[in-house]
Amino acid sequence: MSSKYPKQQPTSVKDVARLSGTSLGTVSRVLNKSSSVSAKARAQVEKAIAELGYEPNAGARQMRSGRSGLVGVLLPSLDVPFFGILAQGLEQALFANGYHCLICNTEENVDNEKRYISTLIGQQVDGIIAAAVATTENFKRLSDQNIPIIAVDRSPDGITDNLVSVDHQEGGRLMAEYLLRLGHRQFGIVAAPTHSMPITLRLKGIEEALAEHGLKPVSVSLGEEHSFDACFALARSVLAHSRPTVLIGTTDIAAIGAIHAAHECGLRIPQDISVIGFDNLPQSAHIIPTLTTVEQPISLLGELSAKMLLNRIDPVRFVQPDLSQLSLRIIERDSTGVAPQVL
């Protein structure tokens, strides 16, 4: 039985060409963002597209170009502010260049990661940006499919040449050297999550800088859970067994937990104890006292990882980004001061 309301045929490129008074080739070049179209012809085509409400068929476009226009993004968590800022930076850079993100929250679970990778392969993504690929097996599945992958912030085995990251070890040294200049010699460290490569590298940098001055941390409290509550508990553990003049949080979340722990112990910041973090999250400027921290350019990390992936997908159209922009710096605020014994 025929429908009382026959399905309307979708608008085609032929309709766009007819209304705009241009050729099919011109319409195609406009749709593919080619530069070899005059401004007048482009305006005619874009006007016709708007009037007709034309939407390109993704399947047909993929058949013509061999690309889906999709990029998979594997993140270990969405409730950590760092990854939210990172995702926004890379998504905006990809969208501006005609690509769309499929964001996958693995929760650092190997089985979740495996299922997401299967989905992304099935969706024929043009590439993947990964803040973590937990297993060599999963990485191999992507490389076997010739899917380019960019690692951001941390590097799974095998893709160190495609890593977009700050120098986390140097960041740890930067923290320690800044505090040493303030006269601190008694260091407590709150570090989480300990399975994270950036955290391991920051710890290494801190310990190397202290060792060069014949020092060791008086207490190091490590944890797997990276939340305000968990880091508060880690800092309370440090203060229960030692009395450092400074607490180093390997992230801003760890440092904010440390500030609350110091307050609970009746310690004044920074008169009795200093606190420093790492990341320069928006929250760090609004806690009391405001948090001294090592700033890493999180949005820029996302943007440059997207641009590097685009270069791997289409090196003719997209240039290799300059990663030297990824520098670290101390943002000095109210939570650090001269060590008490130096006052």
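The values are calculated or read from the model by the stated rules, or taken from the named source; none is laboratory data. Just so it is clear, the structure is predicted and the values come from calculations on it, not from any experiment. Cβ placement follows ideal geometry from the backbone for every residue including glycine, while neighbour counts extend to all protein chains displayed.
Descriptive notes on the structure:
- Residue match in region 332-340 (condition: assigned to a helix (DSSP H, G or I) and closer than 25 Å to L75 by Cβ): no
- Taking the listed residues R29, R115, the one that is basic (K, R), crowded, with 17+ Cβ neighbours inside 10 Å and over 20 Å from the mean Cα position of the chain (by Cα) is R29, with no other qualifying.
- Test: residue in region 83-105 that is out of contact with any Gly (no Cβ under 9 Å at 6 or more places or on another chain), of a type in the set (A, V, I, L, M), more than 13 Å from S305 (Cα to Cα) and buried (at least 17 other Cβ atoms within 10 Å of the Cβ): no
- Contact map, region 286-315: first residue on the phi > 0 side of the Ramachandran plot, second residue assigned to a helix (DSSP H, G or I) and buried (at least 19 other Cβ atoms within 10 Å of the Cβ), Cβ cut-off under 8 Å, separation 6 or more or different chains; the map is empty.
- Considered as a group, the residues in region 293-326 that are polar (S, T, N, Q) and modelled with pLDDT of 95 or more include one that is farthest from S36 (Cα to Cα), and that residue is T293.
- Residues being at pLDDT 95 or above, crowded, with 20+ Cβ neighbours inside 10 Å and over 19 Å from Q325 (Cβ atoms) - total across region 129-182: 5
- Checking D229 against (1) more than 30 Å from K307 (Cα to Cα); (2) in contact with a strand residue (DSSP E or B) (Cβ under 6 Å, 6 or more places away or on another chain), the condition it does not meet: (2)
- With a requirement of 1 or more residues that are over 20 Å from S118 (Cβ atoms) and at pLDDT 95 or above, the helices (runs of 4 or more DSSP H) lying completely within region 39-102 that satisfy it span 81-96.
- The lone exception for P270 - which of (1) at pLDDT 95 or above; (2) surrounded by fewer than 20 Cβ atoms within 10 Å (Cβ to Cβ); (3) over 23 Å from the mean Cα position of the chain (by Cα) it fails: (2)
- For A191, the criteria (1) surrounded by fewer than 22 Cβ atoms within 10 Å (Cβ to Cβ); (2) modelled with pLDDT of 95 or more; (3) within 26 Å of the chain's Cα centre (by Cα); (4) of a type in the set (G, A, S) hold in every case but one, which is (1).
- Filtered by the rule that a residue be free of Cβ contacts under 8 Å to residues at least 24 places away in the same chain, out of contact with any helix residue (DSSP H, G or I) (no Cβ under 8 Å at 6 or more places or on another chain) and of a type outside the set (K, R), region 153-199 gives T160, D161, L163.
- Any chance I298 is buried (at least 24 other Cβ atoms within 10 Å of the Cβ), touching a Phe, Trp or Tyr at 6+ places or on another chain (Cβ under 8 Å) and of a type in the set (V, I, T): no
- Check on L203, within 13 Å of V246 (Cβ to Cβ), in contact with a strand residue (DSSP E or B) (Cβ under 8 Å, 6 or more places away or on another chain) and not charged (D, E, K, R): no
- Residue match in region 244-254 (condition: farther than 23 Å from F82 by Cβ, out of contact with any Pro (no Cβ under 6 Å at 6 or more places or on another chain) and outside any strand (DSSP E or B)): yes
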